[in-house]
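Just below is one structure, and these are the notes that go with it.
The values are calculated or read from the model by the stated rules, or taken from the named source; none is laboratory data. What you see is a predicted model; the values in this text were computed from it and never measured. Cβ placement follows ideal geometry from the backbone for every residue including glycine, while neighbour counts extend to all protein chains displayed. Note: accessible area is taken over every heavy atom of the protein model, side chains too, but ligands, DNA and RNA are not part of it. Shrake-Rupley method; radii C 1.70, N 1.55, O 1.52, S 1.80 Å.
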Amino acid sequence: MNFEEMIGHYRAQIRAVVEDRPWLVATDVLVGSARIGEELLGFGADRVLAIGASRGTGDIPSGPKLQCMDLGHHDDGGMMAAIRSSQALLADLPQEVRAAVERFDPKGEARAIGTLFADGSPIADRRALGGRPRAWQALEDKMIVDALWDAVGIERAPSEIIPTTFEELWAAHGRLDQGLGTVWVGDNREGWHGGANLLRWVRDRADGTSAQAFLAQRCDRVRVMPFLDGTPCSIHGWVFKDEVISFRPCEMLVFRVAGSSQLSYAGSASAWVPSDRVTRAMQEGAQRVGVHLRETVGYRGCFTMDGVITQAGFRPTELNPRFGAAIAGLQRGMSDLPLYLLHLACAEGLDLDYRPQALQTLVREGAAAHPMVRGMHMLAGLRDCEPMVQKICRHGDGWRRAEDGEPADGSLRLGPSAVGAIVFAALEPSAIEIGPSAAADVCSMLAFAAKLWDVDMADLEPAPDFRVQQA
């Protein structure tokens, strides 16, 4: 396959959608909105207004055709609360922001792009591209996903759906505990959730008491299943009108928090490689799920199937019917490939020349050639921190600052977020080892960042690397 020719083909498809019209991009982070805006301009957009509920960390592109607006939103309630309040703000923009949109697009010609989680509702009365109908959003409920695995024939761990009363939950814990405790995750009473926000690892009665008190305030039902010891991971599938494709598995960086029943979602890594047998099983499972989604709810576009590689193999835990965060890792080295815009066009039902099998090969081979390891950790309540970047080098079992001009093994970045601040940790390509879990490296890099910049951070522990090696 000629990668450059295929990327050129997909760019031509998106140019036909984007060019010669104004675009409004409104997401929870201005850095992301502006980068999407810059991409749209590269496809011939007439002009772009990029709006972010908060600024975010990183450089913001600029240019004569790109206008940027930071709404300055903050939320001390944590990651999910910040996402939800950001979405509410973007769905009902302040009057002065709507006035700015009218000045930008007085004839109402603009199309809009919203957040990853958007339902497709108009943004400032501009039609949004590639939103998620209610039937698609409903698939994200952790209470129904086990029935989906059963329907498509994917082996899973046992589970029970339990009301939020302690005695019933504790009894289910006793039935399902396989030696390492159980995982309790809440329903979608308050809306979709992710990032382990409504998830608790229950190992003893004290954990159970705390988890029940927390979940009962937010949920009506709880799914209880055994705690699965192993490497958290995900795989992306993509549903087209007549075909379903899948990419390669990615490691999910989900850390254990010392002395806590919470888990900490910290991003993803594409350098991790499970066995061929497990990879094939995950890819085939994703394709079966995609066919089921197309036949039952008319799904189109990208989705992720999350789970854990245990000593017994892959066991799924949840479905995310949307563009997955780990795609950034799969796309490294192919920044010109407009995967997100292709997803939006596909979800919209636009009749483009998608060439699914070619796209599958392109992403699988490109991701293998350009692995990525990048983790993050939220620092709630840390306001007005000055953005900082530090190159680092390995030093024994830890890290040290890189000297000026010295080749670095990784980088750290501290900057603002909607909940306070955020730390990013990334390995340089030359320092990435293909195959093993990257979780231990990312944990130690984040710990070094906390010490370097004197910020409070919980003690994070990596999950074990159970890459099943059977042929």
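Lys107: which lysines have alpha carbons under 19 Å from its alpha carbon, excluding same-chain residues fewer than 8 sequence positions away?
Lys65
Net charge around Thr209, counting only other residues with Cβ within less than 14 Å of its Cβ (Lys, Arg = +1; Asp, Glu = -1)? Walk me through the numbers on the way to the answer.
Numbers: positive: Arg200, Arg203, Arg205; negative: Glu167, Glu168, Asp204, Asp207.
So the environment of Thr209 carries a net charge of -1.
Based on alpha-carbon centroids, what's the gap between region 406-448 and region 227-246 in Å, whole number please?
Their Cα centres are 25 Å away from one another.
Just to check I understand the Karplus step: with θ = phi - 60° and J = 6.51 cos²θ - 1.76 cosθ + 1.60, what whole-Hz values come out for region 320-325, glycine and proline as x?
10, x, 6, 5, x, 5
Taking amide H positions as placed in the peptide plane 1.01 Å from N, state which residues far from Val222 in sequence (5 or more) or on other chains have amide H under 5 Å from it.
Those qualifying (amide H under 5 Å, at least 5 residues apart or on another chain) are Ile162.
Please find the FRET efficiency linking Gln95 to Asp59, where r is the Cβ-Cβ separation and R0 is fixed at 22 Å, and quote it to the nearest 0.05.
Given R0 = 22 Å and the Cβ-Cβ separation, E is 0.15.
Over the alpha-carbon set of region 311-364, work out the extent along each principal axis and list the three values in angstrom, largest first.
Extents along the principal axes: 41, 26, 20 Å.
Tell me which GluC sites (Glu not before Pro) from region 308-417 have a DSSP coil assignment and no more than 11 other beta carbons within 10 Å of their own.
Here the sparse-neighbourhood loop sites are Glu403.
Mean residue ellipticity at 222 nm from the helices of the chain, using -39,500 (n - 2.57) per DSSP H segment of n ≥ 4 over the full residue count, to the nearest 500 deg cm²/dmol?
Result for the chain, helices only: -10000 deg cm²/dmol.
Multiplying the sequence separation of Asp177 and Asp456 by 0.36 nm and subtracting their Cα-Cα distance, what value in nm do you get?
Stretched fully, the Asp177-Asp456 segment lengthens by 97.1 nm.
May I have the extent of the alpha carbons of region 124-283 along their three principal axes, as whole Å values ordered from largest to smallest?
Largest first, region 124-283 extends 49, 47, 31 Å along its Cα principal axes.
Let me check something: with ligands and nucleic acids excluded, how do Met378, Met6 order by accessible area (1.4 Å probe), largest to smallest?
Greatest to least solvent exposure: Met378, Met6.
Looking at region 50-100, which trypsin sites (Lys or Arg not before Pro) are DSSP coil and have at most 16 other C-beta atoms within 10 Å of their C-beta?
Details: sites: Arg55, Lys65, Arg84, Arg98; in loops: Arg55, Lys65.
Sites meeting the loop and neighbour criteria: Lys65.
Could you check the spin-label model distance between Asp220 and Glu102? Points 7 Å from the Cα along Cα→Cβ, value in nm.
Between Asp220 and Glu102, the label points sit 4.1 nm apart.
Would you please give the FRET efficiency between Gln357 and Glu428, computed as 1/(1 + (r/R0)^6) with r the Cβ-Cβ distance and R0 = 45 Å, to the nearest 0.05?
So, using R0 = 45 Å, E works out to roughly 0.85.
Region 82-141: D in µm²/s via Stokes-Einstein (Kirkwood Rh, Cα pairs, 25 °C, 0.890 mPa s)?
So the translational diffusion coefficient is about 197 µm²/s.
As an exercise, use a Förster radius of 41 Å and the Cβ-Cβ distance of Gln311 and Phe3 to find the FRET efficiency, rounded to the nearest 0.05. Write out the running numbers ahead of the final one.
Details: r = 37 Å, r/R0 = 0.90.
Computed FRET efficiency for Gln311 and Phe3 comes out at 0.65.
For region 1-120, what is the convex hull volume of its Cα atoms per residue in Å³?
133 Å³
Which values, in whole Å and largest first, are the semi-axes of the equivalent ellipsoid of the chain obtained as the square root of 5 times each eigenvalue of the Cα gyration tensor?
33, 26, 25
Taking the Cα atoms of region 351-409, what is the range of coordinates along each of the three principal axes, in descending order and whole Å?
Here the spans come out as 47, 33, 22 Å, largest first.
Any idea what Rg and Dmax come out to for region 246-401 if you just take the C-alpha atoms, in Å?
Rg then Dmax for region 246-401, in Å: 18.1, 54.
Divide, for region 333-433, the radius of gyration over alpha carbons by 2.2 N^0.38 Å, where N is the residue count.
Output field value: 1.46.
Tell me the relative contact order for the chain as a rounded percent, counting alpha carbon contacts under 8 Å between residues six or more apart.
Computed value for the chain: 15 percent relative contact order.
Can you list residues whose amide H is under 5 Å from Phe227's amide H, if they're 5+ apart or on another chain and H is modeled 1.01 Å from N?
Gln178, Leu180, Gly181, Thr182, Val183
Heavy atoms only, probe 1.4 angstrom, no DNA, RNA or ligands counted: give me Trp399, Trp184 ranked by accessible area, highest first.
Of Trp399, Trp184, the descending order of accessible area is Trp399, Trp184.
Would you please give the residues with an amide H less than 5 Å from that of Ile392, counting only those at least 5 places away or on a separate chain, with H modeled from the backbone geometry?
Residues meeting the criterion, in which the H sits 1.01 Å from N, are Ala402, Asp409, Gly410, Ser411, Leu412.
Which distance in nm do the two modelled labels at Phe166 and Thr296 give, with both placed 7 Å along the Cα-to-Cβ direction?
Here the answer is 3.6 nm between the modelled labels.
What ³J(HN,Hα) values, in whole Hz, does the Karplus curve 6.51 cos²θ - 1.76 cosθ + 1.60 give for region 261-270 when θ = phi - 60°, with x put for Gly and Pro?
So the Karplus estimates, Gly and Pro as x, are 8, 8, 10, 10, 6, 9, x, 8, 8, 9 Hz.
Please give the solvent-accessible surface of Thr209 in Å², to the nearest 10, using a probe radius of 1.4 Å with every protein chain present.
Around 70 Å² of this residue is reachable by solvent.
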